[in-house]
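Okay, so here's the structure we're looking at.
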Amino acid sequence: MTENRSLKIIGEKINGARKRVIQAIEKRDTVFIQELAVKQVEAGAAWLDINAGTRQSVEPDDLVWLVETIQPVVEIPLCLDSANPQALAAAIQVVERAPMINSISGDPHRLQSILPLVAEHNCQVIALAMNGKSIPELSEQRLEIVHTVMQAVRASGVPDEDVYIDPLAMTLATNAKSALITLETMRAIRQEFPDVHLTLGLSNLSFGLPARSYINRVFLVLAFAAGLDSVILDPLDREVRATLVAANLILGQDRHCLEYTRAFRAGLFNTSGATTGVS
């Protein structure tokens, strides 16, 4: 693992797939969206993922509205999440800070339609280890796609350090080895492309299973140790955030334990029934 890569959060909650969020988008509920944005930033998000999730014809207007609604109340960059190049192009025109784009993949259409936007506007970009809608089962196959994507990214002039590769965590409910495949892919990517970043959607792994937070927390630590340096998650989940802070400490990314002790003093950790001192 590259030194000094503290794990950063991409807040996932402003997503039109969530019932309350899509209602807010349709009704132009500024207060709800702004409060949701602020809460995620206060909980430690380094970026806010913004996904309108609406019909292609209205998505450009909806994504622009989200950007213009959120920007006045936060001071962190946004992650524009869409497969619609028209929506991305419209939203990029109104962002105040260079955004992250989520996402490109090995799909030639996405590379041809979205990568030029990334290069023109000096954006960071999330790259998925998949072709179209197909996600390879084996890590070697995913790595082949990453090679294709990185070749295109480099040809476009986007530096490796602006690329966040998502090796894709698929649900354990359908393949008990999904986590192992993802971790293997991450280690291979880190070895071959040491300057890129690694990210993933944490909750995908536990989809369809009970007590999902336990799965997410364990996988988060394993992925961090394998080279993960950013993660798309719910920053309002206190247990996951506490695990993240502890993992940051254990893996040597928290100089002088400052982040951990600040989090403890702020009451992030549930210490009821636990020993907090030295015996």
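The values are calculated or read from the model by the stated rules, or taken from the named source; none is laboratory data. A quick note: this is a predicted structure, and the numbers were derived from the prediction, not measured. Backbone-built Cβ (ideal geometry, glycine too); neighbour counts: all protein chains shown.
Give me the residue from region 147-158 that is assigned to a loop (DSSP other than H, G, I, E, B) and out of contact with any strand residue (DSSP E or B) (no Cβ under 9 Å at 6 or more places or on another chain) and, out of that set, surrounded by the fewest Cβ atoms within 10 Å (Cβ to Cβ).
Residues of region 147-158 that are assigned to a loop (DSSP other than H, G, I, E, B), as a first pass: 156-158.
Subset that is out of contact with any strand residue (DSSP E or B) (no Cβ under 9 Å at 6 or more places or on another chain): 156-157.
Working: SER156: 14, GLY157: 10.
Among those residues, the one meeting the criterion is GLY157.
Any residue in region 249-275 that is modelled with pLDDT of 85 or more and assigned to a loop (DSSP other than H, G, I, E, B) sitting within a Cβ distance under 7 Å of a residue that is surrounded by 11 or more Cβ atoms within 10 Å (Cβ to Cβ) and of a type in the set (Val, Ile, Thr)? List the pairs, counting only those 6 or more apart or interchain.
These pairs meet every condition: LEU268/VAL245.
Which condition number does HIS197 fail, the rest of (1) touching a helix residue (DSSP H, G or I) at 6+ places or on another chain (Cβ under 6 Å); (2) modelled with pLDDT of 95 or more being met?
Among (1) touching a helix residue (DSSP H, G or I) at 6+ places or on another chain (Cβ under 6 Å); (2) modelled with pLDDT of 95 or more, HIS197 violates only (1).
Considering only region 66-118, state which residues are part of a helix (DSSP H, G or I) and in contact with a His (Cβ under 7 Å, 6 or more places away or on another chain).
Taking region 66-118 as the starting set, the residues that turn out to be part of a helix (DSSP H, G or I) are 66-73, 85-92, 108-118.
Across region 66-118, the qualifying residue is only ILE92.
For LEU205, which of the numbered conditions (1) in contact with a Phe, Trp or Tyr (Cβ under 8 Å, 6 or more places away or on another chain); (2) part of a strand (DSSP E or B); (3) of a type outside the set (Phe, Trp, Tyr) fails to hold?
Answer for LEU205: the failing condition is (2).
Out of ILE76, ILE14, ILE33, ILE22, I need the residue that is hydrophobic (A, V, I, L, M, F, W, C), surrounded by 23 or more Cβ atoms within 10 Å (Cβ to Cβ) and within 29 Å of LEU244 (Cβ to Cβ). Which one? Working first, answer last.
Values: ILE76 fails: surrounded by 23 or more Cβ atoms within 10 Å (Cβ to Cβ); ILE33 fails: surrounded by 23 or more Cβ atoms within 10 Å (Cβ to Cβ); ILE22 fails: surrounded by 23 or more Cβ atoms within 10 Å (Cβ to Cβ).
Selected residue: ILE14, the only one of ILE76, ILE14, ILE33, ILE22 that is hydrophobic (A, V, I, L, M, F, W, C), surrounded by 23 or more Cβ atoms within 10 Å (Cβ to Cβ) and within 29 Å of LEU244 (Cβ to Cβ).
Do we find that ALA246 is at pLDDT 90 or above and part of a helix (DSSP H, G or I) in this structure? First the steps, then the outcome.
Numbers: at pLDDT 90 or above: yes; part of a helix (DSSP H, G or I): yes.
Here the answer is yes, as ALA246 does meet what is asked.
Is there a residue in region 165-177 that is more than 16 Å from the chain's Cα centre (by Cα), among the hydroxyl-bearing types (Ser, Thr, Tyr), in a helix (DSSP H, G or I) and within 16 Å of ASN216 (Cβ to Cβ)? So that I can check it myself, show each step before the final result.
Initial filter on region 165-177 (more than 16 Å from the chain's Cα centre (by Cα)): 171-177.
If we keep only those that are among the hydroxyl-bearing types (Ser, Thr, Tyr) too, we end up with 171, 174.
Okay, now just the ones that are also in a helix (DSSP H, G or I), so none.
Taking every residue of region 165-177 in turn, none turns out to be more than 16 Å from the chain's Cα centre (by Cα), among the hydroxyl-bearing types (Ser, Thr, Tyr), in a helix (DSSP H, G or I) and within 16 Å of ASN216 (Cβ to Cβ).
One residue is enough: does region 250-260 have a residue meeting the conditions more than 24 Å from SER139 (Cβ to Cβ) and basic (Lys, Arg)? Steps first, answer last, please.
So the first thing to find is which residues in region 250-260 are more than 24 Å from SER139 (Cβ to Cβ), and the list is 250, 252-260.
If we keep only those that are basic (Lys, Arg) too, we end up with 255.
Scanning region 250-260, I find at least one residue that is more than 24 Å from SER139 (Cβ to Cβ) and basic (Lys, Arg), so the answer is yes.
Filter region 89-121 for residues that are under 22 Å from GLY11 (Cα atoms) and in contact with a Cys (Cβ under 8 Å, 6 or more places away or on another chain); which is modelled with the lowest pLDDT?
In this case the residue turns out to be ALA98.
Being part of a loop (DSSP other than H, G, I, E, B) and more than 13 Å from SER82 (Cβ to Cβ) is the filter here, so list the residues in region 9-56 that pass it. Step through it out loud before you land on a result.
So the first thing to find is which residues in region 9-56 are part of a loop (DSSP other than H, G, I, E, B), and the list is 16-18, 28-29, 43-44, 52-56.
Once the filter is applied, which keeps residues that are part of a loop (DSSP other than H, G, I, E, B) and more than 13 Å from SER82 (Cβ to Cβ), region 9-56 yields ARG18, ARG28, ASP29, ALA43, GLY44.
Give the residue, chosen from GLU140, GLU161, GLU144, that is touching a His at 6+ places or on another chain (Cβ under 9 Å), surrounded by fewer than 19 Cβ atoms within 10 Å (Cβ to Cβ) and assigned to a helix (DSSP H, G or I).
Working: GLU140 fails: touching a His at 6+ places or on another chain (Cβ under 9 Å); GLU144 fails: touching a His at 6+ places or on another chain (Cβ under 9 Å).
Just a single option satisfies the conditions, and that option is GLU161.
Quick check on my filter: what residues within region 36-60 are in contact (Cβ under 8 Å) with a residue 12 or more places away in the chain and either among the aliphatic types (A, V, I, L, M) or exposed (fewer than 14 other Cβ atoms within 10 Å of the Cβ) (or both)?
Of the residues in region 36-60, the ones in contact (Cβ under 8 Å) with a residue 12 or more places away in the chain are 36-41, 43-54, 56, 59-60.
Listed by number, the residues that qualify are LEU36, ALA37, VAL38, VAL41, ALA43, ALA45, ALA46, LEU48, ILE50, ALA52, GLN56.
For region 199-246, which residues satisfy the criterion of being at positive phi, free of Cβ contacts under 8 Å to residues at least 40 places away in the same chain and of a type outside the set (A, V, I, L, M, F, W, C)?
GLY208
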